[in-house]
Structure formats: C-alpha cells, structure tokens
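Everything below concerns the one structure shown next.
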Amino acid sequence: MADFDESDIPKEVPASEDYAAEPENVIRGHKATISNPRVSDQAKERSRKVLEQYDEPYDESSASHGTTEQNQQKDPGNVARGLKASISNPGVSEEAKEKAKEKLKGLGQ
C-alpha cells in the first residue's frame, strides 16, 4: 500500500483560535460603546481604557454618525421618494400616511 500524503488536507482549527478576537473588531466595538447614548458611563470609561491599551484614542466629538450637519444635507428628492413610498406602503398606518402627505405638500410635491 502506498504512503498517503496528508499535507494538502486542512487541519482542524482549535476552538481557541476559531474564536480569537480580531483587534480591529475589538477597537470598533469599543468605539461603538463610547458613542452609544444608552451605555453607562462606567462601560464607556472601560472602553476608553481598552482603546488606550491599543493606542487608539477616541474623541467622541469627532464621531461621524448622526450629526446635525448630515441631517441638514438630506437630498430633497430622496426625502420625497421616501414619503411617497410610505404613502403607498400597505403596512403603514393611515395616520402616518396623512403625515407623509402633509410633509410631501410642504416639499412642494
């Protein structure tokens, strides 16, 4: 019987390596914790300390999601399309459809 070459057969990955945390994901998660308004101050402080260990200082004021500037720069065409979609969606309440119609009139459509 010929010798069987097992070099091209993938080895099973140990469970400890399979669930090892990726540093990028750890950093991303702690940045999310700091910017989440529903998280306690104690948890935010712990996340800041972890980020310092990774040499990743995080300034909450520079977070880019949900800022007022972004909300003011909405494309009127996209807003109108969203309102029209709400009006024609059977899953939307009649009250919400009426509000959408009023907003659409306010946009001049």
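Bear in mind these aren't lab numbers, they're just calculated from the coordinates by the rules spelled out. Every value quoted in this text rests on a predicted model; they were computed, and no experiment measured them. All Cβ positions, glycine included, derive from the backbone under ideal geometry; neighbour counts span all protein chains shown.
For the reader, a short list of remarks on this structure follows.
- Taking label points 7 Å from Cα along the Cα-to-Cβ direction, residue 54 and residue 39 give a separation of 1.0 nm.
- Note that the stretch 74-80 has calculated 3J(HN,Hα) couplings of 5, 6, x, x, 5, 4, 4 Hz, one per residue in order, obtained from phi through the Karplus relation 6.51 cos²θ - 1.76 cosθ + 1.60 (θ = phi - 60°); glycine and proline are x.
- Sites residue 32 and residue 79, calculated FRET efficiency, Cβ-Cβ separation with R0 30 Å, nearest 0.05: 0.65
- Seen from residue 103, the other residues with C-beta closer than 14 Å to its C-beta sum to a net charge of +4, counting Lys and Arg as +1 and Asp and Glu as -1.
- When peptides 88-94, 100-106, 53-59 are sorted by average Cβ neighbour count within 10 Å, with the highest value leading, the order is 100-106, 53-59, 88-94.
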